[in-house]
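Here the structure comes first, spelled out in structure tokens, and everything after it is commentary.
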Amino acid sequence: MCRRDLEERRTTGVLQGRLVLNEIKDIASDNLQGTLTPLLGIGLCVSIQFGALEYAKRVFAKHNLANGKGGEGGKTLGASQLFIAGVSAGLANGFVSGPVEHIRIREYFG
């Protein structure tokens, strides 16, 4: 493959990416008016929730490994550890989901 082919493919990829972004903007402005902000907020909430859950699971895995529990790498967590990891993920999520839901309700009721 020569350099010209690579440059053409790169240019085509950039143009296709711009077309996709323009389509998303059109759809968002026509069909998702008033719902785009909450959709982005939900994505943020889910990211925070899973990030906090995985962080708590890593902390418990390190603790298990240090104490010789949890099988290989300490990754097998007990029920109480999973419960506490889930609670911590829910609490972390609450700091974002509260304002997001508040915005969503205000936009819905005008």
* To do: Provide Rg over Rh for the stretch 57-102; use the alpha carbon set for both Rg and the Kirkwood Rh (inverse mean inverse pair distance).
  => 1.20
* Structure fact -> Env charge @ PRO99, Cβ radius under 13 Å, K,R +1 / D,E -1, value 0
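Taking 0.36 nm per intervening residue step and subtracting the Cα-Cα distance, what contour gain separates PHE109 from LEU82 on full extension? List each step's numbers first, then the result.
Numbers: separation 27, 0.36 × 27 = 9.72 nm, distance 3.80 nm.
Stretched out fully, the PHE109 to LEU82 stretch lengthens by 5.9 nm.
Provide the gained length on full extension for the span LEU44 to ARG58, in nm with one decimal, where the gain is 0.36 nm per separating residue minus the Cα-Cα distance.
On the way: separation 14, 0.36 × 14 = 5.04 nm, distance 2.10 nm.
Length difference between fully extended and current span is 2.9 nm.
Coordinate-derived values only; no laboratory data. All values derive from a computational prediction rather than experimental measurement. A quick note on method: Cβ atoms are made from the backbone with ideal geometry, for glycine too, and the neighbour counts reach across all protein chains shown.
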